[in-house]
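J.: Sharing a structure, written as C-alpha coordinates. Questions coming.
The values are calculated or read from the model by the stated rules, or taken from the named source; none is laboratory data. From a predicted model like this one, the values you see are computed outputs, not experimental measurements. Here the Cβ positions follow ideal geometry from the backbone for every residue, glycine too, while neighbour counts run over all protein chains shown.
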Amino acid sequence: MSNTTKKSKVIVIVGPTASGKTRLAIKVAQRFGGEIISADSMQIYKGMPIATAAPTQEEKALAVHHLVEFLEADKRFSVADYVSLAKKCIDDILSRGKLPVIVGGTGLYINSLIDGIEFCEEGFDADVRGKLEEEFEELGGEQMLLKLMKFDPDTAKRLNKADKRRIIRAFEVFYTTGKTLTEQNGLSRKNGKPYEEIMIGITYDDREKLYERINSRVDIMLNSGLIDEARAMLKKGETAAQAIGHKEFGEYLNGSCTLEEATEKLKRETRRYAKRQLTWFRRDSRINWIYADKENVTERAYDIIERKL
(Lines give C-alpha, C1' and ligand atoms only; values in the text may rest on other atoms or scores of the structure.)
Protein backbone atom coordinates (compact mmCIF):
# COMPACT_ATOMS: atom_id res chain seq x y z
CA MET A 1 0.00 0.00 0.00
CA SER A 2 1.45 3.39 -0.95
CA ASN A 3 1.78 6.34 1.36
CA THR A 4 -0.91 8.27 -0.45
CA THR A 5 -3.59 5.62 0.16
CA LYS A 6 -3.01 6.03 3.91
CA LYS A 7 -4.12 9.67 3.65
CA SER A 8 -0.73 11.14 4.33
CA LYS A 9 -0.73 14.74 5.48
CA VAL A 10 0.34 17.55 3.17
CA ILE A 11 0.66 21.25 3.92
CA VAL A 12 -0.91 23.60 1.36
CA ILE A 13 -0.10 27.33 1.39
CA VAL A 14 -2.20 29.53 -0.88
CA GLY A 15 -3.04 33.18 -1.41
CA PRO A 16 -2.82 36.02 -3.89
CA THR A 17 0.35 37.08 -5.63
CA ALA A 18 2.79 39.11 -3.48
CA SER A 19 1.20 37.93 -0.22
CA GLY A 20 4.36 36.21 1.09
CA LYS A 21 3.67 32.55 0.27
CA THR A 22 7.24 31.62 -0.71
CA ARG A 23 8.72 33.08 2.46
CA LEU A 24 6.24 31.25 4.67
CA ALA A 25 6.66 27.96 2.78
CA ILE A 26 10.42 28.04 3.35
CA LYS A 27 9.96 28.63 7.08
CA VAL A 28 7.37 25.85 7.33
CA ALA A 29 9.63 23.44 5.41
CA GLN A 30 12.54 24.25 7.74
CA ARG A 31 10.44 23.93 10.89
CA PHE A 32 8.65 20.68 10.03
CA GLY A 33 11.21 18.85 7.86
CA GLY A 34 9.48 19.53 4.58
CA GLU A 35 10.19 19.99 0.90
CA ILE A 36 8.35 22.50 -1.28
CA ILE A 37 6.28 21.68 -4.37
CA SER A 38 5.35 24.71 -6.47
CA ALA A 39 1.74 25.11 -7.62
CA ASP A 40 2.28 28.04 -9.95
CA SER A 41 1.37 27.64 -13.62
CA MET A 42 4.08 30.07 -14.79
CA GLN A 43 6.95 29.26 -12.43
CA ILE A 44 7.24 25.89 -14.18
CA TYR A 45 8.88 27.58 -17.19
CA LYS A 46 12.58 28.22 -17.64
CA GLY A 47 13.91 31.71 -18.26
CA MET A 48 11.09 33.67 -16.57
CA PRO A 49 12.18 34.01 -12.92
CA ILE A 50 11.58 37.76 -12.67
CA ALA A 51 8.08 37.91 -14.18
CA THR A 52 6.92 34.84 -12.26
CA ALA A 53 8.63 35.78 -8.97
CA ALA A 54 10.19 32.32 -8.89
CA PRO A 55 12.23 31.39 -5.80
CA THR A 56 15.73 32.87 -5.93
CA GLN A 57 18.90 30.78 -5.65
CA GLU A 58 19.20 31.97 -2.04
CA GLU A 59 15.65 30.80 -1.29
CA LYS A 60 16.25 27.45 -2.99
CA ALA A 61 19.30 26.97 -0.77
CA LEU A 62 17.08 27.28 2.32
CA ALA A 63 14.65 24.50 1.32
CA VAL A 64 14.32 21.91 -1.45
CA HIS A 65 11.99 23.11 -4.23
CA HIS A 66 10.24 20.92 -6.83
CA LEU A 67 8.46 21.81 -10.11
CA VAL A 68 10.14 25.18 -10.51
CA GLU A 69 11.77 26.29 -13.81
CA PHE A 70 11.94 22.84 -15.41
CA LEU A 71 10.05 23.30 -18.70
CA GLU A 72 10.95 25.10 -21.92
CA ALA A 73 8.77 28.14 -22.51
CA ASP A 74 7.22 26.89 -25.77
CA LYS A 75 5.99 23.57 -24.34
CA ARG A 76 2.35 22.76 -23.70
CA PHE A 77 1.60 21.83 -20.07
CA SER A 78 -1.83 20.87 -18.77
CA VAL A 79 -3.45 20.57 -15.36
CA ALA A 80 -3.30 16.79 -15.85
CA ASP A 81 0.46 17.04 -16.41
CA TYR A 82 0.80 19.04 -13.22
CA VAL A 83 -1.22 16.61 -11.11
CA SER A 84 0.78 13.65 -12.43
CA LEU A 85 4.16 15.25 -11.69
CA ALA A 86 3.10 16.67 -8.32
CA LYS A 87 1.84 13.26 -7.17
CA LYS A 88 5.21 11.73 -8.04
CA CYS A 89 6.95 14.48 -6.06
CA ILE A 90 4.66 13.88 -3.05
CA ASP A 91 5.29 10.12 -3.13
CA ASP A 92 9.04 10.72 -3.31
CA ILE A 93 9.04 13.24 -0.46
CA LEU A 94 6.89 10.97 1.74
CA SER A 95 9.09 7.95 0.99
CA ARG A 96 12.03 9.83 2.49
CA GLY A 97 10.10 10.69 5.66
CA LYS A 98 9.67 14.34 4.72
CA LEU A 99 6.57 16.54 4.70
CA PRO A 100 5.24 17.84 1.36
CA VAL A 101 4.61 21.61 1.40
CA ILE A 102 2.56 22.67 -1.64
CA VAL A 103 2.67 26.40 -2.29
CA GLY A 104 1.27 28.58 -5.04
CA GLY A 105 -1.50 30.74 -6.38
CA THR A 106 -2.85 28.58 -9.21
CA GLY A 107 -6.09 27.39 -7.65
CA LEU A 108 -6.96 24.90 -10.39
CA TYR A 109 -3.63 23.10 -9.91
CA ILE A 110 -4.05 22.96 -6.14
CA ASN A 111 -7.67 21.79 -6.07
CA SER A 112 -7.12 19.21 -8.82
CA LEU A 113 -4.21 17.75 -6.86
CA ILE A 114 -5.63 17.64 -3.35
CA ASP A 115 -9.18 16.71 -4.36
CA GLY A 116 -8.01 13.68 -6.31
CA ILE A 117 -9.28 14.72 -9.73
CA GLU A 118 -8.21 12.18 -12.34
CA PHE A 119 -7.85 13.37 -15.90
CA CYS A 120 -8.30 11.30 -19.01
CA GLU A 121 -6.29 12.15 -22.10
CA GLU A 122 -9.43 12.59 -24.19
CA GLY A 123 -10.62 16.00 -25.18
CA PHE A 124 -7.67 17.53 -27.02
CA ASP A 125 -8.16 18.17 -30.71
CA ALA A 126 -5.94 20.73 -32.45
CA ASP A 127 -8.50 21.42 -35.21
CA VAL A 128 -11.34 21.95 -32.75
CA ARG A 129 -9.18 24.18 -30.59
CA GLY A 130 -8.12 26.27 -33.57
CA LYS A 131 -11.73 26.88 -34.60
CA LEU A 132 -12.70 27.75 -31.02
CA GLU A 133 -9.86 30.26 -30.78
CA GLU A 134 -11.09 31.93 -33.95
CA GLU A 135 -14.63 31.99 -32.56
CA PHE A 136 -13.41 33.51 -29.29
CA GLU A 137 -11.60 36.28 -31.16
CA GLU A 138 -14.75 37.00 -33.16
CA LEU A 139 -17.33 36.87 -30.35
CA GLY A 140 -15.34 37.74 -27.22
CA GLY A 141 -15.36 36.13 -23.79
CA GLU A 142 -18.76 37.41 -22.68
CA GLN A 143 -20.63 35.93 -25.66
CA MET A 144 -18.68 32.67 -25.38
CA LEU A 145 -19.71 32.36 -21.74
CA LEU A 146 -23.36 32.90 -22.71
CA LYS A 147 -23.02 30.03 -25.21
CA LEU A 148 -21.36 27.87 -22.56
CA MET A 149 -24.22 28.60 -20.12
CA LYS A 150 -26.59 26.69 -22.43
CA PHE A 151 -24.90 23.32 -21.90
CA ASP A 152 -22.57 23.72 -18.90
CA PRO A 153 -23.88 26.48 -16.61
CA ASP A 154 -21.81 25.37 -13.61
CA THR A 155 -18.55 25.83 -15.50
CA ALA A 156 -19.75 29.08 -17.09
CA LYS A 157 -20.49 30.57 -13.66
CA ARG A 158 -17.00 29.70 -12.43
CA LEU A 159 -15.16 31.35 -15.31
CA ASN A 160 -14.30 34.98 -16.01
CA LYS A 161 -14.89 36.41 -19.49
CA ALA A 162 -11.14 37.13 -19.71
CA ASP A 163 -10.24 33.48 -19.05
CA LYS A 164 -9.87 32.57 -22.71
CA ARG A 165 -7.92 29.34 -22.21
CA ARG A 166 -10.40 27.76 -19.79
CA ILE A 167 -13.47 28.88 -21.72
CA ILE A 168 -12.06 27.29 -24.88
CA ARG A 169 -11.16 24.15 -22.93
CA ALA A 170 -14.76 23.79 -21.67
CA PHE A 171 -16.08 23.85 -25.25
CA GLU A 172 -13.32 21.55 -26.47
CA VAL A 173 -14.02 18.87 -23.87
CA PHE A 174 -17.73 18.91 -24.68
CA TYR A 175 -17.25 18.81 -28.45
CA THR A 176 -14.69 15.97 -28.35
CA THR A 177 -16.05 13.75 -25.54
CA GLY A 178 -19.78 14.52 -25.41
CA LYS A 179 -19.46 15.27 -21.69
CA THR A 180 -19.38 18.69 -20.07
CA LEU A 181 -16.42 19.76 -17.98
CA THR A 182 -18.70 19.60 -14.93
CA GLU A 183 -19.57 15.97 -15.71
CA GLN A 184 -15.90 15.13 -16.31
CA ASN A 185 -14.93 16.65 -12.96
CA GLY A 186 -17.68 14.72 -11.18
CA LEU A 187 -16.54 11.42 -12.68
CA SER A 188 -12.91 12.18 -11.94
CA ARG A 189 -13.53 12.58 -8.19
CA LYS A 190 -14.95 9.07 -7.73
CA ASN A 191 -11.86 7.73 -5.94
CA GLY A 192 -11.90 10.41 -3.26
CA LYS A 193 -9.14 12.63 -1.94
CA PRO A 194 -5.67 11.08 -1.81
CA TYR A 195 -4.26 13.21 1.01
CA GLU A 196 -5.20 14.82 4.31
CA GLU A 197 -4.55 18.48 3.61
CA ILE A 198 -3.70 21.24 6.09
CA MET A 199 -4.54 24.41 4.18
CA ILE A 200 -3.26 27.87 5.06
CA GLY A 201 -4.11 31.06 3.18
CA ILE A 202 -2.32 34.40 3.46
CA THR A 203 -4.27 37.57 2.79
CA TYR A 204 -4.67 41.16 4.00
CA ASP A 205 -7.62 42.61 5.88
CA ASP A 206 -6.85 45.95 4.23
CA ARG A 207 -6.83 45.15 0.51
CA GLU A 208 -4.92 48.36 -0.23
CA LYS A 209 -1.91 47.01 1.67
CA LEU A 210 -1.80 44.01 -0.64
CA TYR A 211 -2.02 46.33 -3.65
CA GLU A 212 0.86 48.40 -2.26
CA ARG A 213 2.94 45.21 -2.05
CA ILE A 214 2.03 44.36 -5.65
CA ASN A 215 3.01 47.83 -6.89
CA SER A 216 6.30 47.63 -4.99
CA ARG A 217 7.02 44.16 -6.40
CA VAL A 218 6.56 45.45 -9.96
CA ASP A 219 9.07 48.25 -9.29
CA ILE A 220 11.56 45.70 -7.93
CA MET A 221 11.02 43.48 -10.99
CA LEU A 222 11.81 46.41 -13.28
CA ASN A 223 15.01 47.16 -11.40
CA SER A 224 15.94 43.45 -11.57
CA GLY A 225 15.84 43.28 -15.37
CA LEU A 226 12.23 42.44 -16.26
CA ILE A 227 12.38 44.26 -19.61
CA ASP A 228 15.44 42.32 -20.77
CA GLU A 229 13.80 39.06 -19.65
CA ALA A 230 10.61 39.92 -21.56
CA ARG A 231 12.59 40.83 -24.68
CA ALA A 232 14.39 37.47 -24.62
CA MET A 233 11.35 35.34 -23.80
CA LEU A 234 8.84 36.89 -26.17
CA LYS A 235 10.85 35.39 -29.03
CA LYS A 236 10.47 31.88 -27.64
CA GLY A 237 6.79 31.01 -27.69
CA GLU A 238 3.17 31.78 -27.06
CA THR A 239 3.12 30.53 -23.48
CA ALA A 240 5.85 32.90 -22.34
CA ALA A 241 4.17 35.79 -24.12
CA GLN A 242 1.04 35.27 -22.00
CA ALA A 243 2.85 35.65 -18.67
CA ILE A 244 1.85 38.71 -16.69
CA GLY A 245 4.89 40.94 -16.97
CA HIS A 246 5.98 39.80 -20.41
CA LYS A 247 2.67 40.52 -22.11
CA GLU A 248 2.55 44.14 -20.92
CA PHE A 249 6.17 44.90 -21.71
CA GLY A 250 5.80 43.25 -25.08
CA GLU A 251 3.55 46.19 -25.95
CA TYR A 252 6.27 48.60 -24.80
CA LEU A 253 8.96 46.74 -26.74
CA ASN A 254 6.97 46.85 -29.98
CA GLY A 255 6.43 50.58 -29.57
CA SER A 256 2.68 50.56 -28.92
CA CYS A 257 2.94 52.20 -25.48
CA THR A 258 5.40 54.04 -23.23
CA LEU A 259 7.40 52.47 -20.42
CA GLU A 260 5.25 54.32 -17.87
CA GLU A 261 2.05 53.04 -19.49
CA ALA A 262 3.36 49.46 -19.56
CA THR A 263 4.38 49.69 -15.91
CA GLU A 264 1.00 50.99 -14.81
CA LYS A 265 -0.78 48.35 -16.88
CA LEU A 266 1.31 45.60 -15.28
CA LYS A 267 0.45 46.87 -11.80
CA ARG A 268 -3.24 47.05 -12.70
CA GLU A 269 -3.33 43.59 -14.28
CA THR A 270 -1.47 42.08 -11.32
CA ARG A 271 -3.95 43.63 -8.89
CA ARG A 272 -6.80 42.19 -10.96
CA TYR A 273 -5.12 38.78 -10.95
CA ALA A 274 -4.82 38.94 -7.15
CA LYS A 275 -8.56 39.67 -6.89
CA ARG A 276 -9.36 36.65 -9.06
CA GLN A 277 -7.11 34.46 -6.92
CA LEU A 278 -8.85 35.61 -3.75
CA THR A 279 -12.27 34.98 -5.29
CA TRP A 280 -11.21 31.41 -6.14
CA PHE A 281 -9.70 30.59 -2.75
CA ARG A 282 -12.45 32.25 -0.68
CA ARG A 283 -14.85 29.51 -1.81
CA ASP A 284 -12.77 26.82 -0.05
CA SER A 285 -13.87 26.46 3.57
CA ARG A 286 -10.88 24.25 4.39
CA ILE A 287 -8.47 27.17 4.24
CA ASN A 288 -7.24 28.62 7.55
CA TRP A 289 -6.80 32.31 6.73
CA ILE A 290 -4.00 34.41 8.20
CA TYR A 291 -4.19 38.20 7.87
CA ALA A 292 -0.66 39.43 7.28
CA ASP A 293 -1.49 43.00 8.31
CA LYS A 294 -2.95 41.87 11.64
CA GLU A 295 -1.12 38.71 12.73
CA ASN A 296 2.34 37.22 12.94
CA VAL A 297 2.08 35.02 9.85
CA THR A 298 4.84 32.59 10.77
CA GLU A 299 3.78 31.95 14.37
CA ARG A 300 0.11 31.62 13.41
CA ALA A 301 0.99 29.12 10.67
CA TYR A 302 3.14 27.07 13.04
CA ASP A 303 0.24 26.94 15.52
CA ILE A 304 -2.25 25.77 12.87
CA ILE A 305 0.10 23.07 11.58
CA GLU A 306 1.14 21.80 15.01
CA ARG A 307 -2.49 21.40 16.05
CA LYS A 308 -3.36 19.42 12.90
CA LEU A 309 -0.28 17.26 12.37
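J.: I'd like to know if region 73-84 contains one or more residues that are at pLDDT 90 or above, within 23 Å of ARG169 (Cβ to Cβ) and in contact with a Ser or Thr (Cβ under 8 Å, 6 or more places away or on another chain).
T.: Within region 73-84, one or more residues are at pLDDT 90 or above, within 23 Å of ARG169 (Cβ to Cβ) and in contact with a Ser or Thr (Cβ under 8 Å, 6 or more places away or on another chain).
J.: Shifting gears a bit: If you check GLU229 against the conditions, is it within 21 Å of ASP40 (Cα to Cα), touching a Lys or Arg at 6+ places or on another chain (Cβ under 8 Å) and not aromatic (Phe, Trp, Tyr)?
T.: Criteria not met by GLU229.
J.: Just give me the residues in region 245-263 being over 25 Å from TYR45 (Cα atoms) and among the charged types (D, E, K, R), in sequence order.
T.: Once the filter is applied, which keeps residues that are over 25 Å from TYR45 (Cα atoms) and among the charged types (D, E, K, R), region 245-263 yields GLU260, GLU261.
J.: Given the condition within 18 Å of the chain's Cα centre (by Cα), within 20 Å of LEU226 (Cα to Cα), of a type outside the set (Gly, Ala, Ser) and surrounded by fewer than 17 Cβ atoms within 10 Å (Cβ to Cβ), answer yes or no: does some residue in region 31-47 qualify?
T.: Yes: region 31-47 contains one or more residues that are within 18 Å of the chain's Cα centre (by Cα), within 20 Å of LEU226 (Cα to Cα), of a type outside the set (Gly, Ala, Ser) and surrounded by fewer than 17 Cβ atoms within 10 Å (Cβ to Cβ).
J.: Still on this structure, please answer the following. Might you check whether a residue that is within 30 Å of ILE227 (Cα to Cα), under 19 Å from the mean Cα position of the chain (by Cα) and free of Cβ contacts under 8 Å to residues at least 12 places away in the same chain occurs anywhere in region 263-278?
T.: There is at least one residue in region 263-278 that is within 30 Å of ILE227 (Cα to Cα), under 19 Å from the mean Cα position of the chain (by Cα) and free of Cβ contacts under 8 Å to residues at least 12 places away in the same chain.
J.: Also: Scan GLU58, GLU72 and give me the residue that is over 16 Å from the mean Cα position of the chain (by Cα) and farther than 22 Å from VAL28 by Cα.
T.: GLU72
J.: Quick one: TYR252 ticks every box in (1) out of contact with any Ser or Thr (no Cβ under 9 Å at 6 or more places or on another chain); (2) over 25 Å from ASN111 (Cβ atoms) except a single one, so which number is it?
T.: Answer for TYR252: the failing condition is (1).
J.: From the list LEU108, LEU187, pick out the single residue that is under 30 Å from ILE287 (Cα atoms), of a type in the set (A, V, I, L, M, F, W, C), at pLDDT below 90 and surrounded by 13 or more Cβ atoms within 10 Å (Cβ to Cβ).
T.: Residue meeting the stated conditions: LEU108.
J.: Let me ask something else. Mind checking whether some residue in region 138-150 is farther than 25 Å from ARG282 by Cα, in a helix (DSSP H, G or I) and charged (D, E, K, R)?
T.: yes
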